[in-house]
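Colleague: This is the structure, below, for whatever I ask next.
The values are calculated or read from the model by the stated rules, or taken from the named source; none is laboratory data. Note that the coordinates shown come from a computational prediction; the quantities given were computed from them, not determined experimentally. Using ideal geometry, Cβ is built from the backbone for each residue, glycine included, and neighbour counts are taken over all protein chains shown.
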Amino acid sequence: MKQITSDQFIRLLRLLSIFMAASLLTLAFVFSVLVVMRPPESSELWMLRYIPYFVSFISIPMSVFIFRQTIGKSKGGTLAQKLKMYRTAYIMRLALIEAPGLMAVVFFYITTDWITLIPAFLSAFFLLGRLPSAEKIIDELSLTGEDAEKMLRPDEIVMS
């Protein structure tokens, strides 16, 4: 199995966040172009514009709760085990943040109502707003001593 340094671990999580936000914004752009190109229709689906807002107000706070609950389970164990749990929790948080954005883009395409895209941009903002760093990981996992020092050294192997 490949050994991973702390710098590689952090870069991997950052790239994941950036690519998820970029794909969400690209999808929103493509659907916007498609909506502009098609003739306007009278939509009876006006209620669909509110669903992404509702899902955003539920899933974004839920992502924080689930993230904290998941990393709370990693109090014991080695640094590698804690980082595996952190990675799992981080991916779950990203998925919960991205879901209302994807829903907003799809509902925008269905309803052609531009106001429906706002949750997509909010999701992208939240995806990029909490990029991981060594200091954040140390704080969120409550690392101390040798584990914290390992995370601060970019070429220290932290997982294998």
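Colleague: Look at K150 and say whether it is touching a strand residue (DSSP E or B) at 6+ places or on another chain (Cβ under 7 Å), over 27 Å from L27 (Cα atoms), modelled with pLDDT of 90 or more and in a helix (DSSP H, G or I).
Modeller: Working: touching a strand residue (DSSP E or B) at 6+ places or on another chain (Cβ under 7 Å): yes; over 27 Å from L27 (Cα atoms): yes; modelled with pLDDT of 90 or more: yes; in a helix (DSSP H, G or I): yes.
Yes: the conditions hold for K150.
Colleague: In segment 93-114, which residues are at pLDDT below 90, surrounded by fewer than 19 Cβ atoms within 10 Å (Cβ to Cβ), part of a helix (DSSP H, G or I) and of a type outside the set (F, W, Y)?
Modeller: I110
Colleague: Answer yes if at least one residue in segment 38-47 is in contact with a helix residue (DSSP H, G or I) (Cβ under 9 Å, 6 or more places away or on another chain), outside any loop (DSSP other than H, G, I, E, B) and surrounded by 15 or more Cβ atoms within 10 Å (Cβ to Cβ), and no otherwise.
Modeller: Among the residues of segment 38-47, not one is in contact with a helix residue (DSSP H, G or I) (Cβ under 9 Å, 6 or more places away or on another chain), outside any loop (DSSP other than H, G, I, E, B) and surrounded by 15 or more Cβ atoms within 10 Å (Cβ to Cβ), which makes the answer no.
Colleague: From the list L34, L48, L25, L79, which residue is in contact (Cβ under 8 Å) with a residue 60 or more places away in the chain and touching a strand residue (DSSP E or B) at 6+ places or on another chain (Cβ under 8 Å)? Break it down into steps so the answer makes sense when it comes.
Modeller: Values: L34 fails: touching a strand residue (DSSP E or B) at 6+ places or on another chain (Cβ under 8 Å); L48 fails: touching a strand residue (DSSP E or B) at 6+ places or on another chain (Cβ under 8 Å); L25 fails: touching a strand residue (DSSP E or B) at 6+ places or on another chain (Cβ under 8 Å).
Among L34, L48, L25, L79, only L79 is in contact (Cβ under 8 Å) with a residue 60 or more places away in the chain and touching a strand residue (DSSP E or B) at 6+ places or on another chain (Cβ under 8 Å).
Colleague: Please work out if L79 is surrounded by fewer than 16 Cβ atoms within 10 Å (Cβ to Cβ) and more than 18 Å from M20 (Cβ to Cβ). Even if it seems obvious, please write down each step before you answer.
Modeller: Values: surrounded by fewer than 16 Cβ atoms within 10 Å (Cβ to Cβ): no; more than 18 Å from M20 (Cβ to Cβ): yes.
Against the criterion (surrounded by fewer than 16 Cβ atoms within 10 Å (Cβ to Cβ) and more than 18 Å from M20 (Cβ to Cβ)), L79 does not qualify.
Colleague: When L143 is evaluated against the numbered criteria (1) at pLDDT 90 or above; (2) surrounded by 13 or more Cβ atoms within 10 Å (Cβ to Cβ), which criterion, by number, is the only one it fails?
Modeller: Result: L143 fails condition (1) only.
Colleague: Still on this structure: Can you tell me which residues in segment 133-145 are farther than 14 Å from T5 by Cβ and either touching a residue at least 60 places away in the same chain (Cβ under 8 Å) or touching a Lys or Arg at 6+ places or on another chain (Cβ under 9 Å) (or both)? Don't jump to the end; show me each part of the working.
Modeller: First, pick out the residues of segment 133-145 that are farther than 14 Å from T5 by Cβ: 133, 135-136, 138-145.
Matches in segment 133-145: S133, K136, E140, L141, S142, L143.
Colleague: Let me ask another. Just to be sure, is Y86 farther than 28 Å from E135 by Cα, at pLDDT 90 or above and aromatic (F, W, Y)? Full working, then the answer.
Modeller: On the way: farther than 28 Å from E135 by Cα: no; at pLDDT 90 or above: yes; aromatic (F, W, Y): yes.
In short, no.
To keep it simple, each residue is scored yes or no on (1) under 13 Å from the mean Cα position of the chain (by Cα); (2) farther than 19 Å from D147 by Cα; (3) among the polar types (S, T, N, Q); (4) modelled with pLDDT of 95 or more.
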| site | (1), (2), (3), (4) |
| --- | --- |
| R11 | no, no, no, no |
| A28 | no, yes, no, no |
| S32 | no, yes, yes, no |
| F57 | no, yes, no, no |
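Colleague: Right, something else. For L127, indicate whether it is part of a helix (DSSP H, G or I), surrounded by 15 or more Cβ atoms within 10 Å (Cβ to Cβ) and in contact with a helix residue (DSSP H, G or I) (Cβ under 9 Å, 6 or more places away or on another chain).
Modeller: On the way: part of a helix (DSSP H, G or I): yes; surrounded by 15 or more Cβ atoms within 10 Å (Cβ to Cβ): yes; in contact with a helix residue (DSSP H, G or I) (Cβ under 9 Å, 6 or more places away or on another chain): yes.
Considered against the rule, which asks whether it is part of a helix (DSSP H, G or I), surrounded by 15 or more Cβ atoms within 10 Å (Cβ to Cβ) and in contact with a helix residue (DSSP H, G or I) (Cβ under 9 Å, 6 or more places away or on another chain), L127 comes out as yes.
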